[in-house]
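Right, one structure below, let's go through it.
The values are calculated or read from the model by the stated rules, or taken from the named source; none is laboratory data. As the structure is a prediction and not an experimental result, all values here were calculated from the model. Positions of Cβ are backbone-derived with ideal geometry, glycine not excepted, and every protein chain shown enters the neighbour counts.
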Amino acid sequence: MKKLYFSVFIICLQLTGVAQDSAFSRQWVDTLTSPYFFGRGYTQQGMQKAAAYIRDAFKQYGLVPLTGSSYIQEFSFDVNTFPGDMEVTINNKKLMPGIDYIVFPESTGSHTQGKLQQADSVTFVNQEEKVIVTLKDKLTWSVGREEAPYTGIEVNKKALPGNPASFKIAIDNKFVKDFKAANIAAMVRGTAQPDSFIFITAHYDHLGSMGSKTFFPGANDNASGIALLMNLAHYYAMHPQKYSMGFICFAAEEAGLVGSEYFTNHPLVPLSHIRFLINTDLAGTGSEGITVVNATEFPEEFAMMNEVNDKEKLLVKINARGKAANSDHYYFTEKGVPSFFFYTQGGITAYHDVFDIAATLPLQEQEDLFKLVRGFCNKLMNE
């Protein structure tokens, strides 16, 4: 059924011939945030399923592997996961995972109960059972690369009428050594200068699951970026350019830029052949424009991007930002590859939580972002 659904989706796209159709982006976001991919993380084969789905799409669109015969660049790293029980009761109130609480990503599993002692205004501990409970205004989860000798729980302040005094928990963790992940890399070969590349990149992973029932959909972060990348990949497959257009979907960005760091240390093409890299992350809003990281590092290219935006009257504003190690462009920049990372601004505030869902993601600037990247690439190839 999944294969049939995907095939119908691809056929419809080929019939329309309009890669920047907003329905295309919506379909990608809806699909990648579905329970089948379970947060594109470290349990229930979520990341592996997403990788296979993206690889098959590249094949369907007519892109070829960036090098050799495989679209897959495998690597491994250690990660802490929570595949099983996830039950927390505080003050005899059973809390809802993801909504009322999250666990520290480095937590060890524990099935225990006891009393809590107040350590400070927001921290409560049971030293004997090695349990920590903290109160937070907003719950923001992440990926753990280590396993700590304690179990930590962040509780939304709104979930409890008073301070935590007692607890009962059933939390399972599994620390995975050498978790297998993969970058997905494809290209459209250039017609005149095939050894010169423009790269478009985005990470496809998200946080995965916290327990066997709760997953983090990651609509804005970063199903939206993958949707834009696949829009562009589909377009360039039908319209080859002077330069080769490379497309990389990175894994394990949320674990600390692991996939992109691996690629820069094991490049599939010489990094010196990359004229420019455009990384997109958090591309689902845009009512207040975008911010471009590395704009001050590459002022000539930033001026080109603004020229495209002004001429085509696309985004309300393009903000300039300096260097930052906040997405997959970073290690390329460190290795001397000219790179931008842009993210949209305005709209929803959901981030690294269970509320980053497809239904509330507007995607209102996906078409303009497509046009901006396409116009910018044209300028890069014809400067």
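Six or more apart or on different chains, Cβ under 8 Å: which pairs go from a residue in the stretch 351-362 that's assigned by TED's automatic domain parsing to the domain that holds Ala283 to one that's of a type in the set (D, E, K, R) and in a loop (DSSP other than H, G, I, E, B)? Could you list them?
Correct list of pairs: Asp353/Lys138.
Assuming Ile54 fulfils every condition listed in (1) assigned to a helix (DSSP H, G or I); (2) within 25 Å of Glu147 (Cβ to Cβ) apart from one, which condition is it?
(2)
Can you confirm whether the stretch 215-226 contains a residue that is touching an Asp or Glu at 6+ places or on another chain (Cβ under 8 Å), within 22 Å of Leu380 (Cα to Cα) and in the same structural domain as Val293 (by TED's automatic domain parsing)? First the steps, then the outcome.
Of the stretch 215-226, the ones touching an Asp or Glu at 6+ places or on another chain (Cβ under 8 Å) are 216-222, 225.
Filter again for within 22 Å of Leu380 (Cα to Cα), leaving 225.
Pick out the ones that are also in the same structural domain as Val293 (by TED's automatic domain parsing) and you get 225.
The answer is yes; a qualifying residue exists.
If you take the residues of the stretch 334-369 that are small (Gly, Ala, Ser), more than 15 Å from the chain's Cα centre (by Cα) and not in a strand (DSSP E or B), which of them is surrounded by the most Cβ atoms within 10 Å (Cβ to Cβ)? If you could, list the steps in order and put the result at the bottom.
From the stretch 334-369, those small (Gly, Ala, Ser) are 336, 339, 346-347, 350, 358-359; that's our starting set.
Retained after the next criterion (residues that are more than 15 Å from the chain's Cα centre (by Cα)): 336, 339, 346-347, 359.
Next, from what is left, pick out any that are not in a strand (DSSP E or B): 336, 346-347, 359.
Details: Gly336: 11, Gly346: 15, Gly347: 18, Ala359: 9.
Going through the qualifying residues, I end up with Gly347.
Against the condition among the acidic types (Asp, Glu) and loosely packed, with under 13 Cβ neighbours inside 10 Å, how does Glu146 come out, does it pass? It would help to see each step written out before you state the result.
Numbers: among the acidic types (Asp, Glu): yes; loosely packed, with under 13 Cβ neighbours inside 10 Å: yes.
So Glu146 fits the description; yes.
Six or more apart or on different chains, Cβ atoms under 7 Å: show the pairs whose first residue is in the stretch 101-115 and acidic (Asp, Glu) and whose second is assigned to a strand (DSSP E or B).
Correct list of pairs: Glu106/Asn80; Glu106/Gly144.
Pairs needed: first member in the stretch 25-46, over 18 Å from Pro362 (Cβ atoms); second member anywhere, part of a loop (DSSP other than H, G, I, E, B) and basic (Lys, Arg); C-beta distance under 7 Å; at least 6 residues apart or different chains.
Gly46/Arg40
Would you kindly identify the strands (runs of 3 or more DSSP E) lying entirely within the stretch 187-283 that contain at least 1 residues that are charged (D, E, K, R)?
Values: elements: 193-203, 243-250, 274-280.
Of the strands (runs of 3 or more DSSP E) lying wholly inside the stretch 187-283, those with at least 1 residues that are charged (D, E, K, R) span 193-203, 274-280.
Here is a yes/no grid of residues against (1) within 21 Å of the chain's Cα centre (by Cα); (2) free of Cβ contacts under 8 Å to residues at least 60 places away in the same chain; (3) in the same structural domain as Leu363 (by TED's automatic domain parsing):
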| position | (1), (2), (3) |
| --- | --- |
| Ala255 | yes, no, yes |
| His273 | no, no, yes |
| Leu277 | yes, no, yes |
| Ala283 | yes, no, yes |
| Gly289 | yes, yes, yes |
| Glu297 | no, yes, yes |
| Leu315 | no, yes, yes |
| Ala324 | yes, yes, yes |
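State all residues of the stretch 125-178 that are of a type in the set (A, V, I, L, M), touching a residue at least 60 places away in the same chain (Cβ under 8 Å) and touching a Leu at 6+ places or on another chain (Cβ under 8 Å); if no residue qualifies, say none.
First pass over the stretch 125-178, keeping only residues of a type in the set (A, V, I, L, M): 125, 131-133, 135, 139, 143, 148, 153, 155, 159-160, 165, 169-171, 176.
Filter once more, so that each one left must be touching a residue at least 60 places away in the same chain (Cβ under 8 Å): 139, 143, 153, 155, 159-160, 165, 169-171, 176.
Answer for the stretch 125-178, where residues must be of a type in the set (A, V, I, L, M), touching a residue at least 60 places away in the same chain (Cβ under 8 Å) and touching a Leu at 6+ places or on another chain (Cβ under 8 Å): Val143, Val155, Ala159, Leu160, Ala165.
Which of the residues that make up the stretch 216-249 are farther than 21 Å from Leu363 by Cβ and either touching a residue at least 60 places away in the same chain (Cβ under 8 Å) or among the polar types (S, T, N, Q) (or both)? Walk me through it before giving the result.
Taking the stretch 216-249 and keeping what is farther than 21 Å from Leu363 by Cβ, we get 237-246, 248.
Residues satisfying the conditions are Ala237, Met238, Gln241, Lys242, Tyr243, Ser244, Met245, Gly246, Ile248.
Are there strands (runs of 3 or more DSSP E) fully within the stretch 86-148 with at least 3 residues that are at pLDDT 95 or above and more than 20 Å from Ala159 (Cα to Cα)? List them. Explain how you work it out, then say what you get.
Details: elements: 86-90, 101-103, 110-115, 123-126, 131-136.
It comes to 110-115.
Which members of the stretch 345-381 meet the condition of being hydrophobic (A, V, I, L, M, F, W, C) and farther than 30 Å from Thr191 by Cβ? Outline the logic, then answer.
Pass one, the stretch 345-381, residues hydrophobic (A, V, I, L, M, F, W, C): 348, 350, 354-355, 357-359, 361, 363, 369-370, 372-373, 376-377, 380-381.
If the condition is that a residue be hydrophobic (A, V, I, L, M, F, W, C) and farther than 30 Å from Thr191 by Cβ, then Ile348, Ala350, Val354, Phe355, Ile357, Ala358, Ala359, Leu361, Leu363 are the ones that fit.
Give the stretch 97-137 a look and list any residue that's exposed (fewer than 15 other Cβ atoms within 10 Å of the Cβ) and in contact with a Pro (Cβ under 9 Å, 6 or more places away or on another chain), or say none.
The one that is exposed (fewer than 15 other Cβ atoms within 10 Å of the Cβ) and in contact with a Pro (Cβ under 9 Å, 6 or more places away or on another chain): Gln118.
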